[in-house]
Amino acid sequence: ELLDYLATELVDGGWKLKRMHKLLMLSSTYRLSSGTNKSGLEKDPANRLVWHFNPRRLSSEELRDSILAANGSLNLRMGGPSFYPIIPAEILHGQSRPGAGWGNSSDEDRARRAIYIFVKRSLVEPLMADFDFADVDSSCPVRFTTTQPTQSLNLMNSEFTNRQAAIFANFLKQQSPDDLAAQVKLGLAQTTQRQPSETDIQRGINLIKELKGLGVSDDDALKYFCLVTYNLNEFLYID
């Protein structure tokens, strides 16, 4: 009955898909939260009846763009040629001719959305590759979400995330100079898209203080806090 209804709506709407997208996305089912209850779990633990939203992890493109959006550097300019992201030297050296044919884009262009990344079949940006980027060797009708140790290792240790965490730290200092609590609050708000609790803020402050106690500089301590926010489940998963 649902498929018949949707098919009829499509025909009546002049076969316009944009109208159908709006209809689906404004439906109560599409807008369900991921919240569960005991009764629902007992009757339909696999969620076959779609009574709640199944949380999903961000795709590789969404993750990269969200990292840039959180630190205020995302460039939303549309159109134009693709840009070349920074590829670590260790990966470039794995080629037969290291770095051959790989261009050099400006920082402004590298902050553009992931849809504009230049893709070479034998050279995919590590973050994109680790987070299930589409197969570049053949057509890719479906993409699967995997959970691997390399994903966490990349988010914590890669040159890209550490560079973006440093940009994030500078953004927080510019927005809230000389106010660590405000910086932590803004950092969490930017990544979790909610107002952090006092407990959340204090936990962030404690982390920074602990890092300073280990001899880490003020700037690096804030950077590492920003790096941690990029690894939060609330940042990585749509709930």
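The values are calculated or read from the model by the stated rules, or taken from the named source; none is laboratory data. Everything quoted here is computed from the prediction, not taken from an experiment. Glycine also receives a Cβ, built like all others from the backbone with ideal geometry; neighbour counts cover every protein chain displayed. Heavy atoms of the whole protein, side chains included, go into the accessibility calculation; ligands, DNA and RNA do not. Shrake-Rupley method; radii C 1.70, N 1.55, O 1.52, S 1.80 Å.
Table for the structure above
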quantity	calculated
Residue that is modelled with the lowest pLDDT, among those in region 145-187 that are assigned to a helix (DSSP H, G or I) and small (G, A, S)	S152
Filter pass, Q174 being surrounded by fewer than 16 Cβ atoms within 10 Å (Cβ to Cβ) and farther than 30 Å from R97 by Cα	yes
Only listed residue being closer than 23 Å to A111 by Cα, of a type in the set (A, V, I, L, M, F, W, C) and over 17 Å from the mean Cα position of the chain (by Cα), chosen from L214, L236, L186	L186
Filter result for L186 (within 20 Å of I238 (Cα to Cα) and of a type outside the set (K, R))	yes
Region 188-239, subset among the hydroxyl-bearing types (S, T, Y) and not in a helix (DSSP H, G or I), residue nearest to A165 (Cα to Cα)	Y230
Inter-residue pairs, beta-carbon under 9 Å, first touching a residue at least 60 places away in the same chain (Cβ under 8 Å) and closer than 30 Å to G40 by Cβ and in region 54-75, second among the β-branched types (V, I, T) and open to solvent by less than 40 Å² (accessible area, probe 1.4 Å), 6+ apart	S66/T191
Test result for F133, in a loop (DSSP other than H, G, I, E, B), within 18 Å of L68 (Cβ to Cβ), out of contact with any strand residue (DSSP E or B) (no Cβ under 7 Å at 6 or more places or on another chain) and of a type outside the set (V, I, T)	yes
Subset of region 25-51 [open to solvent by less than 40 Å² (accessible area, probe 1.4 Å) and touching an Asp or Glu at 6+ places or on another chain (Cβ under 9 Å)]	S34
Pair list, Cβ under 7 Å, 6 or more apart: region 172-185 residue of a type in the set (K, R), other residue crowded, with 16+ Cβ neighbours inside 10 Å and part of a helix (DSSP H, G or I)	K173/Q183; K185/I201
Count of residues meeting criterion [over 22 Å from V228 (Cβ atoms) and open to solvent by less than 70 Å² (accessible area, probe 1.4 Å)] in region 139-159	2
Test: E90 is over 9 Å from the mean Cα position of the chain (by Cα) and either assigned to a helix (DSSP H, G or I) or among the acidic types (D, E) (or both)	yes
Hits in region 105-123 (condition: hydrophobic (A, V, I, L, M, F, W, C), open to solvent by less than 60 Å² (accessible area, probe 1.4 Å) and more than 13 Å from I86 (Cβ to Cβ))	A114
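Here is a yes/no grid of residues against (1) of a type outside the set (S, T, Y); (2) touching a Leu at 6+ places or on another chain (Cβ under 6 Å):
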{"position": "Q174", "(1), (2)": "yes, no"}
{"position": "D178", "(1), (2)": "yes, no"}
{"position": "K185", "(1), (2)": "yes, no"}
{"position": "E198", "(1), (2)": "yes, no"}
{"position": "I201", "(1), (2)": "yes, no"}
{"position": "G215", "(1), (2)": "yes, no"}
{"position": "A221", "(1), (2)": "yes, yes"}
{"position": "Y237", "(1), (2)": "no, no"}
